[in-house]
1. May I ask you to list the lysines whose Cα is less than 18 Å away from that of residue A:106, ignoring any residue fewer than eight positions away on the same chain?
2. Can you sort A:93, B:267 by 1.4 Å-probe accessible area, starting with the largest?
3. So who's got an amide H within less than 5 Å of the one on residue A:278, skipping anything under 5 residues away but keeping other chains? H placed 1.01 Å off N, in plane.
4. Which residues of region B:104-146 end up with at least 20 Å² less accessible area in the presence of all protein chains than when their chain stands alone, using a 1.4 Å probe?
5. Contact order normalised by length for region A:283-356, with contacts defined as Cα pairs under 8 Å and 6 or more residues apart; what percent is it?
6. Scan around residue A:125 for amide H atoms under 5 Å from its own, H built in the peptide plane at 1.01 Å from N, and keep only partners 5 or more places away or cross-chain.
7. Between residue A:345 and residue A:273, what FRET efficiency follows from the Cβ-Cβ distance if R0 is 35 Å, with the result rounded to 0.05?
8. Rounded to the nearest 500, what is chain A's calculated 222 nm mean residue ellipticity when only DSSP H runs of at least 4 contribute -39500 (n - 2.57) each, over all residues?
Amino acid sequence: MKKLMLLAGTALALAVSAAGASAADKLKACWVYVGPIGDFGYSYQHDQGRLQVEKELGDKVETAYLENVAEGPDAERAIERFAREGCKIIFTTSFGFMDPTIKVAKKFPDVKFEHATGYKKADNVAIYNARFYEGRYILGQIAAKESKKGLAGYIVSFPIPEVVMGINSFMLGAQSINPDFKVKIVWVNSWFDPGKEADAAKALFDQGADIVVQHTDSTAALQVAEERGLKGFGQSSDMAKFAPKAQMTAIVDDWGPYYVARVKAVLDGTWTSTDTWGGIKDGEVVMAPYANMADDTKALAEATQAKIASGAFNPFTGPISDQDGKERYAAGVVAPDGDLLGMNWYVKGIDDKLPQ
Amino acid sequence: MLEAFILTVITASTPLLLAAIGELVVERSGVLNLGVEGMMVMGAVAGFAVTNVTGSPLLGILGGLVAGAAVSLLFGFVTLTLVANQVASGLALTLFGLGLSGLIGEAYVGTPGLRLPALDLPGLTDLPVVGRILFGQDVLVYVSFALVAAVSWFLFRTRAGLVLRAIGDNHGSAHALGYSVVGVRYLAVMFGGACAGLGGAYLSVAYTPQWVENMSAGRGWIALALVVFSSWLPGRLVIGAYLFGAVSILNLHAQALGIGIPSQFLTMLPYLATIVVLVAISGNRRATAFNTPACLGKSFVPDR
């Protein structure tokens, strides 16, 4: 129904602007999503951010969104359409929207653009991302404390830096508790195939893992954990209602505070092209309630979360060696952001070959 | 370990087998319906929705079956009554199913589902090793095998099956003999839709009890390939579906074991295996030519 309403809404908006009626006192903020907002994951979380903008800025803004926009030429049309329709700030939320965003931004210098997860900036294009790896370090510590076998299964999508960074951070967290902690990695080569994710979880459990971690979008793996009386973590959204006994916590993307701040900046005229990579400290990475774990594990997780939030600790602090034993960062050295964003190697202790 | 492996192979293969056995009958009647993916995903959303509303997974399965048959009727109307191109209409049916299921399912995203319970026969299910595998599956696994047996019997042992095959092989002659080509094809298309709907419902009610957009994730296309793989013989279809399921599960286990083969290669293996077997089968030209319904994909316009 929402899709129909959106269509109707768009038609109405066109009609209104054609009639010359003035909605000019409202700032129009627009979002372009790669998936359906009903995916209970990535695009869903971005849309929650949009709703927060509506809630907090009330009648100062009006918002619009397009979902299921394919990366590539379609994206350019979608973004340009928004620019023509009077959007003053446009958020494009997928890596593949990067070049289309830059292209459209050149044509509309008065419109502000914000691109998530990319690296190309311009005078009217800002970029933003979230430090999910901070949360993954905490997951690693919880896994190491709670696993009876010292072995976790890790279901992953594609070997891109974001995912590799997450595996490494998880492992560093686990090793900080149990230096011999092991992880079994299964690539499903899909962001989203519940059946395959469930089978991967079963395979990992059958081979001795008692905790499952995922970097894929569905709740299937957690449901398998729930059935087997084992544990796991949610991804993108709080998935506790799918696995009330299995989910220990989840990394939740909360874009709301960032979106509110950026739309406000446009309202105040203080908007500049920035490069934001927010984490736990900024409220962009939120941990779902800690549950189904021992009290001391929970205390440890909360302590680490507080240390990361205060800026006192960064998961990628040396000494860190890679898989082959070569020291990448000496004791006390913090890996620079640029390294993280291009990460294509495993830390020591991971017994898997990185697909090249 | 082996038991666990076989159990996952069965659940991974069942939706493929269900969708493919329906399509086999459709193609035997001379109709090429490429909309299996769309019918499956409609079955999945209907299965989840009905289960959610009624609280009964069995009714949900039934709902999936009806939904699959209902959208297949649309395809039947367009290709059999309006005589539109079957390939284009089938592709359109897939796109239509994916879109419509997303729309219907929007309210159900993020809602936990109910799982179709597995069979539990005291005594039999507790048998070591074979107990869970043979007597502990959910009902649809048995239905899938019963369907294969029934289709096999129907096609090759009954007069009606002979008529259906005759229509697929030469609709002109069958029509001249007085058989209702369009009528039989309508029934076959609906049967195919119902089976695809069952396969879809299996995904959202038995395999992973949840609804998410596009949750069929390409299984409809695999089912289509399996029909060709089986050279339109039900027995070979079982082998194909289970081979495909086994290789995909093997991929996951091999990775977890840390065998140093690139995961992309392992992911490709089931498809590779399908191609290899296709090539092997088509080496025997006479057998393939004999099995392929001669009128497959050809529209029929009765002379009035």
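The values are calculated or read from the model by the stated rules, or taken from the named source; none is laboratory data. Computed from a predicted model, the values in this text were never measured in an experiment. Don't worry about glycine lacking a Cβ; one is built from the backbone with ideal geometry, like all the others, and counts go over all protein chains shown. Side chains included, ligands, DNA and RNA excluded: accessible areas come from the protein's heavy atoms. Shrake-Rupley method; radii C 1.70, N 1.55, O 1.52, S 1.80 Å.
1. Excluding near neighbours in sequence, the set is A:88, A:120, A:121.
2. Most to least solvent-accessible, the answer reads B:267, A:93.
3. Those lying under 5 Å, H to H, from residue A:278 are A:129, A:131.
4. Residues of region B:104-146 that lose at least 20 Å² of accessible area once the other chains are added: B:106, B:109, B:110, B:112, B:115.
5. Computed over region A:283-356, the figure is 21 percent.
6. A:113
7. Computed FRET efficiency for residue A:345 and residue A:273: 0.65.
8. Rounded to the nearest 500, the figure is -12500 deg cm²/dmol.
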